[in-house]
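The values are calculated or read from the model by the stated rules, or taken from the named source; none is laboratory data. Quick caveat, the model's predicted, so the values are computed rather than measured. Neighbour counts run over all protein chains shown; Cβ positions are idealised from the backbone, glycine included.
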Amino acid sequence: MYIYMHIYAYAHTYIYMQLAAVQGGVVGWVVEHLYAHADTMSEQSAEHTTALLVNLAQHAAGRHACAALKDRLVPLLAGVKGCENIHVYVYSVSIVKGCESLCV
């Protein structure tokens, strides 16, 4: 029983922190950072930045924030197809798939 309480507390804290980050404008900052530095960013930085965006887009508020930035986000993620790092490509596709129903 004790371990389940810790797991629940951790999951609840994670969701709260994720929502706080989205409400704090981190999604917009990440998109602008990717947009401004996409051509000079290392592959590892691109991978970590797109992974952060995927994690933020798991929350409904994050998906809405991504959908609000679709004019900058979709062309940026479409340009990732040429990236040699498969993780960046997979993360980009999952962001688009997660937000596509909101972008209609």
Note to self: out of contact with any strand residue (DSSP E or B) (no Cβ under 9 Å at 6 or more places or on another chain), surrounded by fewer than 16 Cβ atoms within 10 Å (Cβ to Cβ) and modelled with pLDDT under 80: is that true of Tyr35 in this structure?
What the structure shows: no
Next item on the list: Pairs only if they're at least six apart or on different chains, beta carbon under 8 angstrom, first in region 68-96 and at pLDDT 75 or above, second in a helix (DSSP H, G or I) and among the aromatic types (Phe, Trp, Tyr); list them, first residue then second.
Entry: Arg72/Tyr35; Leu76/Tyr35
